[in-house]
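**Q** I have a structure I would like to understand better, so I am pasting it below and will then ask my questions one at a time.
The values are calculated or read from the model by the stated rules, or taken from the named source; none is laboratory data. Bear in mind that the values here come from a model prediction, so they are computed numbers and not experimental data. FYI the Cβ positions are ideal-geometry reconstructions off the backbone, even for glycines, and counts take in every protein chain you see.
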Amino acid sequence: EDQVTQSPEALRLQEGESSSLNCSYTVSGLRGLFWYRQDPGKGPEFLFTLYSAGEEKEKERLKATLTKKESFLHITAPKPEDSATYLCAVEGGGADGLTFGKGTHLIIQP
Amino acid sequence: GAGVSQSPRYKVAKRGQDVALRCDPISGHVSLFWYQQALGQGPEFLTYFQNEAQLDKSGLPSDRFFAERPEGSVSTLKIQRTQQEDSAVYLCASSFYVGITGELFFGEGSRLTVL
C-alpha cells in the first residue's frame, strides 16, 4: 500500500525566512510525485511533478526536489501570499488515483 | 467556465437521506476523479472515470456510494442513506491525460455535513 508522510504538520515563518517541507513516501513503482497547494475552502492547485530521483523543478519562490525515499519543497524568501497547505502525493504503478499526505500548513507572517 | 465546477458547494443532510453531488469537468478532459477530504486530512481517492467508463471504484467506502458519468462529461456522486462519517468535502478533479493522473485540475469541492 502506498504511503505518504509529510512533516512538519504546521510551520510558521517570518516573511523572508526560508525553509523546507518534507514528504517521505513508500510506493510500489513510482510513476510520479506531485506537489499541490491548497487554500482554505478551495481545491488543490497543481504545482509540480517529479518523476525520478535527482530531478528538480522550480516555480517562483518554490523548488521541489526528489530522492528515492523523499521529496522536499524548498521555499525561498517567502511572502504572506505563500501561506497555504502544501500537499504531497504519489502515483504508484498499481493505482489509478493519487495517494496524498495530510499536508503541511504553512503560515508566513509579515 | 474554464475550471472544474462542482455543485452544490454546501449540503446539509439528515442521517439517512440520499444526496447527489455534481461535477462538471473541463471540456475535453478525458479523466475524471472523485476524492474525499476529511477535515485536516489529505484527499483520499474514491473513483476514476476514463470518458464514460468507470475503471476504478476501489476507493468507494461502501455500497452506499455510487458514481456515474453516462456521457463522458458531467459526473454525479450519489450517497445513499447518509451517515455522520460521510461528512467531508468531496472533490472532483479532471485531466486531459490518460495514464498520467497526477496533473489534475480540482474543483472547489462540495462540503457535506450529515446531522
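**Q** Among the candidates B:GLN17, B:GLN6, B:GLN50, B:GLN83, single out the residue that is polar (S, T, N, Q) and buried (at least 22 other Cβ atoms within 10 Å of the Cβ).
**A** Testing whether each residue is polar (S, T, N, Q) and buried (at least 22 other Cβ atoms within 10 Å of the Cβ) leaves just B:GLN6.
**Q** With the requirement that a residue be assigned to a loop (DSSP other than H, G, I, E, B), touching a residue at least 60 places away in the same chain (Cβ under 8 Å) and more than 16 Å from B:THR113 (Cα to Cα), what does the range B:1-21 give you?
**A** If the condition is that a residue be assigned to a loop (DSSP other than H, G, I, E, B), touching a residue at least 60 places away in the same chain (Cβ under 8 Å) and more than 16 Å from B:THR113 (Cα to Cα), then B:GLY3, B:VAL4 are the ones that fit.
**Q** For the range A:12-101, which fully contained strands (runs of 3 or more DSSP E) count at least 2 residues that are buried (at least 17 other Cβ atoms within 10 Å of the Cβ)?
**A** A:19-26, A:32-38, A:45-50, A:62-66, A:70-75, A:84-91
**Q** Can you tell me which residue within the range A:47-77, out of those that are of a type in the set (Asp, Glu), free of Cβ contacts under 8 Å to residues at least 40 places away in the same chain and in contact with a strand residue (DSSP E or B) (Cβ under 7 Å, 6 or more places away or on another chain), is nearest to the other protein chains (Cβ to nearest Cβ)?
**A** A:GLU55
**Q** I would also like to ask the following. Report, by residue number, each residue of the range B:95-104 that is more than 7 Å from chain A (Cβ to nearest Cβ) and either touching an Asp or Glu at 6+ places or on another chain (Cβ under 9 Å) or modelled with pLDDT of 95 or more (or both).
**A** B:SER95, B:PHE96, B:TYR97
**Q** Quick one: in the range B:22-44, which of the residues that are buried (at least 22 other Cβ atoms within 10 Å of the Cβ) and either hydrophobic (A, V, I, L, M, F, W, C) or outside any strand (DSSP E or B) (or both) is farthest from the chain's Cα centre (by Cα)?
**A** Among residues in the range B:22-44 that are buried (at least 22 other Cβ atoms within 10 Å of the Cβ) and either hydrophobic (A, V, I, L, M, F, W, C) or outside any strand (DSSP E or B) (or both), the one farthest from the chain's Cα centre (by Cα) is B:GLY42.
**Q** I want to confirm something. Restricting to the range A:8-46 and keeping residues that are without any contact (Cβ under 8 Å) to a residue 24 or more places away in the chain and in contact with a strand residue (DSSP E or B) (Cβ under 7 Å, 6 or more places away or on another chain), which single residue is nearest to the other protein chains (Cβ to nearest Cβ)?
**A** Per the criteria, the residue is A:GLY43.
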